[in-house]
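**Q** What follows is a single structure, and I will ask about it in a moment.
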Amino acid sequence: MNFARGIMVFVFTCFTIFVAMAVRVLFEKRYLGDILRSLIISASIILIFCTYQYVGNILGLPNWITGLRDRYSWQQFGFPRVQGTSLEPLYLASYLLLPFSILFAAVATNTNLIPKRVFRLSLVLLVGLSAVVFMTVSRGGVLAGVAAIISIVIFGLVVKRVNSVRAAKAIALVVAGVFIGFIFITFLNKTPQNLLLTNGKKGNNALANQLTKTGLEGSGDERAQVRGLAIGILKASPKNLIIGIGPGQFGPYVQPDKDSKGDGWWIVNNESLELLVEYGVIGLLMFLSFIASLLYKLWKVIGGKDPVVATVALGIVGYIVAVGVQYQTFSTLYIVHIWAAIGLALALAAQKDKPSRNL
């Protein structure tokens, strides 16, 4: 067991849980407008930066100016995979899906969550978010966006906050955003230098190649192989299956001779499987029970009398479902924006059912 690694992961996990609890304790309904405005402003800034990052890389600006890592530049795929200021495109998608889900819910429910003076701007922002999530070319991110849409529409229809016309309008905006992202990749691309990575393809074909890879081809990609190691740990001992091998111990377990100061420990790249390996069935069931109870409480809020809180809760439900889907393609539990969203969900679930003012 790597005690230092275990302590680090434990501290980071406790910190993000503390963030959620702080949001829950400090939240008041009158803060909701400021929170949503901050979210929209930050998303807008990110969209502008990602556009600069994409075009700048195509035009030949050095990566230290665009902030794009070499592995996500046009030389690898024929087009840049935007990552914003995140370490990976998938983390960018994970964050943007939060404002995406809330804005989609606002359009689909047609509540007074967003004032009329900025409503058209919010429609443009939803289109832009859809485009950038698509341009991350993150399989998990794209599938998570689809999952968010489906869950918001289904939950909204059941409690009659969404009708088919408004849902169709919101979906049309998303499709428009995806089309814009597709246009960027179609017309602003080059022949990739690493033809092996894209199977000799560029542009649309390289995009399709990246999005349709399952990791099961041949011997499987690196992520599939690491997941295989995790399954092997579970099969090695009943103890591993029941209580796990300890927080943050997957990397040290499969890399016992690695220098801890190197490139970083391996992770499972599947949060469900990582929780099972490191915390066992007991830990995984506890976490899933918490999420299930949270979704149940939000369900009651969505059907409540306050349309503003209900709409935000509906968007948060979509985001939680999206994270659940995306977490099947990457792992790391202690991600601040995810736990901040969970804290907001806890706060909304605790609100009294009284009407509130809009944004």
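**Q** Report whether or not Arg24 is over 30 Å from Gln193 (Cβ atoms) and in contact with a Gly (Cβ under 6 Å, 6 or more places away or on another chain). Quick ask: steps written out before the conclusion?
**A** Details: over 30 Å from Gln193 (Cβ atoms): yes; in contact with a Gly (Cβ under 6 Å, 6 or more places away or on another chain): yes.
Taking the combined requirement at face value, the residue satisfies it.
**Q** So which residues in segment 59-80 are of a type in the set (A, V, I, L, M) and either under 22 Å from the mean Cα position of the chain (by Cα) or not in a helix (DSSP H, G or I) (or both), if there are any at all? Spell out how you get there, then give the answer.
**A** Taking segment 59-80 and keeping what is of a type in the set (A, V, I, L, M), we get 59, 61, 65, 68.
If the condition is that a residue be of a type in the set (A, V, I, L, M) and either under 22 Å from the mean Cα position of the chain (by Cα) or not in a helix (DSSP H, G or I) (or both), then Leu61, Leu68 are the ones that fit.
**Q** Please go through segment 122-137 and give me each residue that is in contact (Cβ under 8 Å) with a residue 60 or more places away in the chain and either among the hydroxyl-bearing types (Ser, Thr, Tyr) or over 19 Å from Ile45 (Cβ atoms) (or both), ordered by number.
**A** Ser122, Val137
**Q** Using beta carbons and a limit of 7 Å, which pairs, at least six apart or on different chains, have the first residue in segment 47-75 and on the phi < 0 side of the Ramachandran plot and the second one in a helix (DSSP H, G or I) and small (Gly, Ala, Ser)?
**A** These pairs meet every condition: Leu47/Gly128; Ile65/Gly56; Thr66/Gly56.
**Q** Suppose we filter Val132, Val162 for residues that are modelled with pLDDT under 95 and either touching a helix residue (DSSP H, G or I) at 6+ places or on another chain (Cβ under 9 Å) or not charged (D, E, K, R) (or both); which single one remains?
**A** Details: Val132 fails: modelled with pLDDT under 95.
Checking each option against the conditions leaves just Val162.
Condition check ((1) over 20 Å from the mean Cα position of the chain (by Cα); (2) at pLDDT 85 or above; (3) crowded, with 21+ Cβ neighbours inside 10 Å; (4) farther than 16 Å from Val82 by Cβ) across all residues:
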position	(1), (2), (3), (4)
Asn110	yes, no, no, yes
Leu113	yes, no, yes, yes
Ile183	yes, yes, no, no
Lys213	no, no, no, yes
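This table checks each residue for (1) in a helix (DSSP H, G or I); (2) among the β-branched types (Val, Ile, Thr); (3) closer than 18 Å to Ala322 by Cα.
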residue	(1), (2), (3)
Ile150	yes, yes, yes
Arg161	no, no, no
Ala167	yes, no, yes
Ile171	yes, yes, yes
Val174	yes, yes, yes
Phe179	yes, no, no
Phe184	yes, no, no
Asn189	no, no, no
Pro192	no, no, no
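**Q** Scan (1) aliphatic (A, V, I, L, M); (2) surrounded by fewer than 20 Cβ atoms within 10 Å (Cβ to Cβ); (3) closer than 27 Å to Ser138 by Cβ for the single condition Ala236 breaks and write down its number.
**A** Here Ala236 meets the rest and fails (3).
**Q** When you check Cys50 against the structure, is it buried (at least 20 other Cβ atoms within 10 Å of the Cβ) and either among the aromatic types (Phe, Trp, Tyr) or assigned to a helix (DSSP H, G or I) (or both), yes or no? First the steps, then the outcome.
**A** Working: buried (at least 20 other Cβ atoms within 10 Å of the Cβ): yes; either among the aromatic types (Phe, Trp, Tyr) or assigned to a helix (DSSP H, G or I) (or both): yes.
For Cys50, the condition - buried (at least 20 other Cβ atoms within 10 Å of the Cβ) and either among the aromatic types (Phe, Trp, Tyr) or assigned to a helix (DSSP H, G or I) (or both) - is met.
**Q** Checking Thr311 against (1) more than 12 Å from the chain's Cα centre (by Cα); (2) over 18 Å from Tyr31 (Cβ atoms); (3) at pLDDT 90 or above, only one condition comes out false. Which one?
**A** Answer for Thr311: the failing condition is (2).
The values are calculated or read from the model by the stated rules, or taken from the named source; none is laboratory data. For clarity, every value in this text was computed on a predicted model and none was experimentally measured. Here Cβ is always computed from backbone atoms with ideal geometry, including for glycine, and neighbour counts include all displayed protein chains.
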